[in-house]
2 protein chains.
Amino acid sequence: MDEEVPGSLGTTSGLSLRLLQMISSFTSLLFMSLGVEFYSYTAFCFLVTIMGLVIPWSFTLALVDGYSVLIKCPVRQRAILLIIVTGDWVLSVLALAAASSAASVVDFLRSDQPSCLPKFCSRYLLSAAMAFLTWFLSLISALFNIWLLPSL
Amino acid sequence: MDEEVPGSLGTTSGLSLRLLQMISSFTSLLFMSLGVEFYSYTAFCFLVTIMGLVIPWSFTLALVDGYSVLIKCPVRQRAILLIIVTGDWVLSVLALAAASSAASVVDFLRSDQPSCLPKFCSRYLLSAAMAFLTWFLSLISALFNIWLLPSL
């Protein structure tokens, strides 16, 4: 353990990144599903699925990070880090696709459909914005972990 | 020039990747804009903008690749490669966002709007599929070039 990359696996900043990811994806899921008929739009179902994948992923890695911080011995196995980096990249690509799909459908609903009540539409919009935040946070995690990879 | 990474800058496979990117983004642009009212949907305007950015970018890099192949001396300046890698990543992220936005709007139009004529809708769908192909090809270029970066 020569040097610590801030934000990578097993650091305090890594833990806070994971917690932020959990919060943002949970908020996105909440805004999308509470009292809103999201299941009639494919893009919104996709968003809910992906956010439902990000939450357990970030939760597991937050547990790993928290444990590493407590025992002061970060995980440095190459194979484990490779799995985590791959998962982060795949999830960040999926989160970007879900966020932009949802955002474009919200935009379309706002411009064309008179049936889109302002109350619902602003919820959808907040959900898409939170999904973009989730994408951004998981991209940061993926970048910091990939930075760590060659040193192992 | 110790080893050549296939698909990276200045190789024949890199040149063919760039040409494929140009063809796919041009096809996407063509299907979207010919005879179809794309400007009434934000997602489609975004797609047209991004594809309009990908075409000159890929064209320039195809010229660089072709020249490098002809004079048998690939560009190996770190700064230039860094700019190209950054551009490839940014464009591939934007292409993914544009493709998924367009695909979700097409899906929404197909399911809800009776006004979506099958002739137009299949064109939109083909355009979105081509945009996904463009994203995939520029991701491959970005990955191969980033692979080359540490060796410089």
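Numbers at a glance
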| item | result |
| --- | --- |
| Prolate/oblate/rounded label for chain A (Cα gyration tensor, a/c 1.5) | prolate |
| Mean separation of Cα contacts under 8 Å (6+ apart) over length of chain A, as relative contact order % | 38 percent |
| Per residue solvent-accessible surface (Å²) - chain A, probe of 1.4 Å | 50 Å² |
| Protection-proxy order for peptides A:89-98, A:74-83, B:59-68, B:92-101, each taking the mean of Cβ atoms within 10 Å per residue, highest first | B:92-101, A:89-98, B:59-68, A:74-83 |
| Inter-chain Cβ neighbour average for residues A:38-49, partner chain, 10 Å | 2 |
| Solvent-accessible area buried by pairing B with A, both sides, nearest 100 square angstrom, 1.4 angstrom probe | 1300 Å² |
| Heavy-atom accessible surface of the stretch B:66-152: percent carbon and sulfur, 1.4 Å | 74 percent |
| Pairwise FRET efficiency - residue B:112 versus residue B:34, Cβ, R0 = 35 Å, nearest 0.05 | 0.90 |
| Residues residue B:4 and residue A:42, FRET efficiency given R0 of 45 Å [Cβ-Cβ distance, rounded to 0.05] | 0.55 |
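The values are calculated or read from the model by the stated rules, or taken from the named source; none is laboratory data. Treat the numbers as computed from the prediction; the structure is a model and nothing was measured. Here Cβ is always computed from backbone atoms with ideal geometry, including for glycine, and neighbour counts include all displayed protein chains. The accessibility values were calculated without ligands, DNA or RNA, using every heavy atom of the protein model including side chains. Shrake-Rupley method; radii C 1.70, N 1.55, O 1.52, S 1.80 Å.
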